[in-house]
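Taken together, the values in this text are just the output of simple stated rules run on the coordinates, not laboratory data. Note that the coordinates shown come from a computational prediction; the quantities given were computed from them, not determined experimentally. Note that each Cβ is placed from the backbone with ideal geometry, even for glycine, and that neighbours are counted across all protein chains shown.
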Amino acid sequence: MTAVLSQQYQAWDAELNAILESEEDFIANLANISAWLNMKLSQINWVGFYLLKGENLVLGPFQGNLACTRIPLGRGVCGTAAVTDSIMRIKDVHQFDGHIACDTASNAEIVLPIHRNGEVVAVLDIDSPVFERFSEEDEKGLAQLVSTIEKHVFI
Ligand code: SME
């Protein structure tokens, strides 16, 4: 099971590299990445980017319900991931103090910081209606996808 998932992410990473090779536009790429992740990942209800602008994370391209447009650094799961520069993998968002509920269907969440020149400049946020949706393998696989995104899009 673990090996299968890891192979799955390897295949997805190759696909993502191919998708990003042919386009340089920042917004076009983030828009397509969010659509592509929404197609690939099962049991999710929101996936997208928040971009760091000053002291706030501002909503970027995404798939899912209307979402909050600004998250102050240090607030919510996204703001915590950005300020601590760490992946936040939350089994049950209702147990996370300060969680910002954009979509009431969300029960689990994973947020990965995105870097340019070693600094956090954005986050990838994924929500799921399924408690404990994101495993350690998902975290590793998504971190690989984020490093591909950093290499092609945040340059
Ligand atoms: N739940 C996030 C807010 C963003 S929405 O999930 C799209 C948070 O607590 O930062």
Under a crude label model (7 Å from the Cα following the beta-carbon direction), how far is residue 69 from residue 92 in nanometres?
3.5
Evaluate the Kirkwood expression for the hydrodynamic radius of segment 8-152, namely the inverse of the mean inverse distance over all pairs of different C-alpha atoms, and round to one decimal in Å.
15.0
Inter-site label distance for residue 8 and residue 28 at 7 Å from Cα along Cβ, in nm
3.1
Assign unit charges at the C-beta atoms only (+1 for Lys and Arg, -1 for Asp and Glu), then state the dipole size of the chain relative to its Cα centre in Debye, rounded to the nearest 20.
220
From the Cα centre of segment 89-105 to that of segment 1-40, the distance in Å is 25
Could you work out which residue, out of 93, 47, 83, moves most in a Gaussian network model of the chain, that is, has the largest mean-square fluctuation with Cα springs under 10 Å?
83
In a Gaussian network model over the chain where Cα atoms closer than 10 Å are linked, find which of 57, 66, 124 has the largest mean-square fluctuation.
66
Longest site-free stretch - the chain; sites: GluC sites (Glu not before Pro), DSSP loop, at most 11 other Cβ within 10 Å
56-155
As I understand it, the dipole of segment 8-152 uses +1 on the Cβ of Lys and Arg and -1 on the Cβ of Asp and Glu, about the Cα centre. Which of 148, 54, 20 lies farthest toward its positive end?
54
Taking a cut-off of 24 Å between Cα atoms, list the lysines near residue 53, but don't count ones fewer than 8 places away on the same chain.
151
